[in-house]
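This report refers to the structure that appears directly beneath it.
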Amino acid sequence: MAINKTSNVTIRDEIDRKQVKYLNKDYADFKRSLVDFTKFYFSDTYQDFSDASPGSIFLDLASYVGDVLSYYTDSSFNESLLAYAEEKENVVSLAQGLGFKPRLTSPAFCNATISALVPADSEGNLDIKFLPRIAANSSFGATTQFDAGSFLTEDICDFNDSEGRTVQIFSRDGTTGLPSTFVVSKKAKLVSATKKITSAVVGNPTKFLKVPINDDNVVEIVSVTDAEGNTWYEVDNLSQDYRFQDTLVSATGSLAPLYTIKTTKTNRRFITRFNRDLKVELVFGSGTGDLSDVYQNPDYKSVYDSSYLQNMTNVALDTLNFTNSNSFGLAPGNTTLTITYTVSNGLRSNVPSGTITKVTGLTTLNETRNLSAADQGTFNTMVSSITITNDEAASGGIDAPTVEQIRQSAIGFVNAQGRVVTSQDYEKRILSMPSKYGAVAKAFVIRDDAINNIKSQTDAATRAKESVDPEDDVLYVDNNPENTNVNLYVMGYNNDNRLSVLNNTVKSNIKKFLKGYKILTDRVNILDAFRVSIGINYSIVVYKGFTVQDVLARCSDSLAQYFDTDNWEINQPIIIDDVLLQIAKVDGVQSVTKLNFVNKYQQKDGSDYASHTYDLEFNTTDKIIYPSADPCIFELRYPQNDIVGTGRQ
């Protein structure tokens with residue numbers, strides 16, 4: 001027994017003394033370490049380490065497995081970090097874990113004019129009983145060569161409201177000469193969205209039930225109701241038991257304040273997020289529904305107690321969550337959920353002006369039960385005469401962002417911490433604006449005192465400056481610089497994914513969106529950034545053995561990728577040496593003999609280049625082309641035409 005005991009101790013000590021390396025990462029390192037390990041500890045057992053020996057097979061297999069496991073270990077770790085993840089579903093998942101909600105598509109917005117032929121009464125006046133009242137979500141279509149999707153009215157368009165309504169005589173009675181028909185027109189706001197409805201049958205209640213929406217390009221969940229008629233509300237997180245809503249106190253403003261805040265319990269609630277298939281899914285509560293520990297009417301008597309103080313020392317204060325429980329709302333059960341949502345066609349919805357002309361789904365809210373048969377026929381004729389045309393190009397639509405765009409937006413969202421103070425905070429907040437409000441492609445923020453004077457550009461500027469509401473941010477200004485003013489320069493995309501100005505509908509949405517985050521004393525001026533259209537002329541010498549045309553094509557492709565709009569920001573300078581490097585690193589290029597930048601503008605080059613000129617040579621210093629003092633962005637608008645290269649061998 002003593003011999004066996006001594007033998008066991010000797011073997012264990014020998015194992016403990018064996019040196020194992022844990023820093024190996026690839027196949028060669030694993031193989032080298034295994035060979036050294038075998039030679040050192042098993043020198044009497046095995047000596048043949050040639051590639052053809054049987055023992056080398058096992059060493060190769062072990063090295064192969066180690067190499068594969070090392071790769072997947074590194075890859076898994078990288079994919080768990082937002083800064084290094086490459087898979088889109090992982091980046092989206094990590095961003096959502098930080099509270100950021102990516103948008104995979106955004107609708108376009110525009111203003112349109114709806115017109116109808118309305119008959120006159122017996123005295124030649126407008127017969128108001130035939131004025132249409134068009135319901136919200138009435139649908140219209142665009143006459144384009146591609147499918148731009150539907151455009152819905154955001155609000156009720158009531159022709160009985162004289163504000164913003166125009167009336168013109170269309171025809172007169174041949175006998176009396178009195179007007180017999182009028183053309184009545186009214187403005188309406190449109191959003192590029194198609195409303196869809198789906199249903200989900202729910203059995204027994206399930207904690208944190210997930211209901212996916214099997215559709216692409218979902219913009220917004222409009223409503224969720226169950227078979228019993230209960231409404232389920234979307235919240236930012238499931239621990240949010242209350243939502244605040246405004247209750248009108250005085251419509252005339254004679255009493256202050258105009259509104260008071262009312263807390264509304266949202267026991268039936270859900271959140272939206274993207275699953276691993278990048279589909280929108282609804283996540284419902286845990287099913288407990290226990291709200292006994294919720295502070296129903298938060299005031300100093302009900303919340304300033306030891307229980308509340310203890311809770312608030314352990315968690316961050318949330319003005320929408322006066323609870324210290326783990327109740328996350330009800331879980332639906334034994335019912336059918338009816339989910340109404342909207343989808344958009346993204347970039348294809350950015351249609352030019354004058355193209356939205358089709359009436360596809362018109363709904364009127366007029367009370368017609370008391371009309372006679374003759375009047376009913378007249379009313380139907382009026383409805384059939386309704387036409388529409390968009391006065392401005394639809395803008396704001398955008399397709400799914402790239403992985404890098406999602407990553408950077410999420411990082412900026414976390415750094416902003418729900419407030420906008422610095423210029424970077426403003427930029428990130430605008431770029432993370434919910435897709436239902438439209439999309440901003442580029443944003444740049446600078447304090448008003450950094451620019452001496454901002455010129456008024458439209459008549460709307462005068463009206464904006466006359467606003468008496470200090471919270472009503474202006475769109476265009478011409479004022480003395482103030483350090484409390486923030487100038488926000490924005491740009492969007494048209495349907496060809498090229499830079500364009502945003503219309504006033506999207507700008508108005510930006511203004512309203514920022515009010516929930518900006519400092520009270522900040523006034524935000526929403527302005528259009530300038531475009532500077534450029535062209536590139538270059539010459540190269542090609543190595544022998546390469547085809548000149550092939551090398552030129554690859555050089556032009558490299559420049560087009562470098563100047564891709566997604567890679568450029570407002571006020572970003574052009575570093576000429578970086579452009580030279582892009583050409584020089586193309587395989588087959590021996591040297592770059594010429595590189596010139598030229599300014600493209602409408603008066604000379606036509607098309608839709610920028611309407612103003614920019615002296616590139618004057619603004620070049622130390623091989624850097626600087627943007628103007630008024631924020632601008634350089635664009636290579638038509639790479640196939642704006643890049644001209646020549647080559648020789």
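Okay, residues lined up against (1) surrounded by 14 or more Cβ atoms within 10 Å (Cβ to Cβ); (2) at pLDDT 95 or above; (3) over 31 Å from the mean Cα position of the chain (by Cα); (4) within 23 Å of Cys632 (Cβ to Cβ):
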site	(1), (2), (3), (4)
Phe546	yes, no, yes, no
Gln549	no, no, yes, no
Asp557	no, no, no, no
Trp568	yes, no, no, yes
Ser591	no, no, yes, no
Item to check | Filter result for the condition that a residue is part of a helix (DSSP H, G or I) and either surrounded by fewer than 11 Cβ atoms within 10 Å (Cβ to Cβ) or at pLDDT below 85 (or both), over Glu89, Glu14 | outcome: Glu14
Checklist outcome for this item: Among Ile388, Ile406, Ile356, the single one that is surrounded by 20 or more Cβ atoms within 10 Å (Cβ to Cβ) and within 16 Å of the chain's Cα centre (by Cα) is Ile406
Next on the checklist: Residue under question is Ser115, and the condition is that it be closer than 30 Å to Gly174 by Cα and either at pLDDT 90 or above or within 19 Å of the chain's Cα centre (by Cα) (or both); does it hold?
Outcome noted: yes
Item to check | Condition met for Lys21 (under 25 Å from Tyr72 (Cβ atoms), in contact with a Ser or Thr (Cβ under 6 Å, 6 or more places away or on another chain) and at pLDDT 85 or above) | outcome: no
Checklist entry - Would it be correct to say that Phe170 is more than 27 Å from the chain's Cα centre (by Cα), assigned to a strand (DSSP E or B), of a type in the set (Phe, Trp, Tyr) and at pLDDT 90 or above? => result yes
Next on the checklist: Being without any contact (Cβ under 8 Å) to a residue 24 or more places away in the chain, surrounded by 11 or more Cβ atoms within 10 Å (Cβ to Cβ) and of a type in the set (Val, Ile, Thr) is the filter here; which residues of the stretch 163-184 pass it?
Outcome noted: Thr166, Ile169
Checklist entry - Can Phe159 be described as open to solvent by less than 60 Å² (accessible area, probe 1.4 Å), in contact (Cβ under 8 Å) with a residue 60 or more places away in the chain and within 18 Å of Leu190 (Cβ to Cβ)? => result no
Checklist outcome for this item: Matching residues in the stretch 609-618 (touching a residue at least 40 places away in the same chain (Cβ under 8 Å), within 21 Å of Leu559 (Cα to Cα) and open to solvent by 50 Å² or more (accessible area, probe 1.4 Å)) number 0
Next on the checklist: I'd like to know if the stretch 595-608 contains one or more residues that are modelled with pLDDT under 90 and open to solvent by less than 30 Å² (accessible area, probe 1.4 Å).
Outcome noted: yes
Checklist entry - Residues of the stretch 499-538 being surrounded by fewer than 17 Cβ atoms within 10 Å (Cβ to Cβ) and either part of a strand (DSSP E or B) or at pLDDT 85 or above (or both), which ones? => result Asn537
Item to check | Scope the stretch 619-633; condition of a type outside the set (S, T, N, Q) and either open to solvent by 10 Å² or more (accessible area, probe 1.4 Å) or free of Cβ contacts under 8 Å to residues at least 24 places away in the same chain (or both); matching residues | outcome: Asp622, Lys623, Ile624, Tyr626, Pro627, Ala629, Asp630
Checklist outcome for this item: When the stretch 570-585 is checked residue by residue, the ones that are under 30 Å from Asp528 (Cα atoms) and either of a type in the set (Lys, Arg) or open to solvent by 70 Å² or more (accessible area, probe 1.4 Å) (or both) are Asp577
Next on the checklist: Being touching a residue at least 40 places away in the same chain (Cβ under 8 Å), assigned to a strand (DSSP E or B) and surrounded by fewer than 16 Cβ atoms within 10 Å (Cβ to Cβ) is the filter here; which residues of the stretch 209-232 pass it?
Outcome noted: Lys210, Pro212, Ser223
Checklist entry - Is it the case that Lys31 is assigned to a helix (DSSP H, G or I) and in contact (Cβ under 8 Å) with a residue 12 or more places away in the chain? => result yes
Checklist entry - Is it fair to say Gly66 is open to solvent by less than 20 Å² (accessible area, probe 1.4 Å) and without any contact (Cβ under 8 Å) to a residue 60 or more places away in the chain? => result yes
Checklist entry - Among the residues of the stretch 56-63, is there at least one that is surrounded by 11 or more Cβ atoms within 10 Å (Cβ to Cβ), of a type outside the set (A, V, I, L, M, F, W, C) and closer than 18 Å to Val20 by Cα? => result yes
Item to check | In the stretch 412-438, residue surrounded by the most Cβ atoms within 10 Å (Cβ to Cβ) [restricted to those that are at pLDDT below 75 and within 20 Å of Ser192 (Cβ to Cβ)] | outcome: Gly438
Checklist entry - How about the stretch 34-81: which of its residues are among the hydrophobic types (A, V, I, L, M, F, W, C), outside any helix (DSSP H, G or I) and under 57 Å from the mean Cα position of the chain (by Cα)? => result Leu81
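The values are calculated or read from the model by the stated rules, or taken from the named source; none is laboratory data. Bear in mind that the values here come from a model prediction, so they are computed numbers and not experimental data. With ideal geometry, Cβ positions are generated from the backbone for all residues, glycine too; neighbour counts draw on all protein chains shown. All accessible areas refer to the heavy atoms of the entire protein, side chains included, with ligands and DNA or RNA removed. Shrake-Rupley method; radii C 1.70, N 1.55, O 1.52, S 1.80 Å.
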